[in-house]
């Protein structure tokens, strides 16, 4: 039997996803499906979180700087820069916990919040989402785009190169 299968063709959809198509040999009809790295990550059980708003980021910064802290401590930190009620901070903390950014423990009648992961790890996940959404899952595409757009200075590029070289050699 001769398989009449064309290789996958990848075309970008208006939403930035790839559409893969091919012909199946038995039915000879055209099948298609959307291929998206974000969808693949969620299918693999990798949690994709919604990005932080500006205010949520301020709250997270307060928690990262203070370590485990109460609503009152976060409110005092955030209230230095903006006028906000403590009940709003409480709501934000609860929503951040629902999104998976925070965890809490009860100490007496108060909740003590702590970050679910360090800021650096969260930044790495955010960059991964950018790579998946805008660079078709290619890290090389992101870095080359940053170099072409002159986002990275020569010094930053040199430090990045040195960092990658040290990691390749097994250093930390």
Quote to one decimal, in nm, the extra length available between residue 166 and residue 49 on full extension: 0.36 nm per residue of separation minus the C-alpha distance between them.
-> 39.1 nm
Got the relative contact order for region 96-141 handy, in percent, Cα pairs under 8 Å and 6 or more residues apart?
-> 21 percent
The exposure ranking of 113, 101, fewest beta-carbon neighbours within 10 Å first, is 101, 113
Under a point spin-label approximation (7 Å from Cα along Cα-to-Cβ), what is the residue 159-residue 139 distance to one decimal in nm?
-> 1.9 nm
Along Cα→Cβ, 7 Å out, is where each label goes; now give me the distance between the ones at residue 98 and residue 79 in nm to one decimal.
-> 2.4 nm
By counting other Cβ atoms within 10 Å of each Cβ, how are 104, 125, 75 ranked from fewest to most?
-> 125, 104, 75
For region 54-115, calculate the relative contact order in percent as a whole number, restricting contacts to Cα pairs under 8 Å that are 6 or more residues apart.
-> 40 percent
Fewest first, what order do 153, 83, 144 take by the number of other Cβ atoms within 10 Å?
-> 83, 153, 144
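Coordinate-derived values only; no laboratory data. Computed from a predicted model, the values in this text were never measured in an experiment. For neighbour counting, all protein chains shown are included, and Cβ atoms are generated from backbone atoms with ideal geometry for every residue, glycine included.
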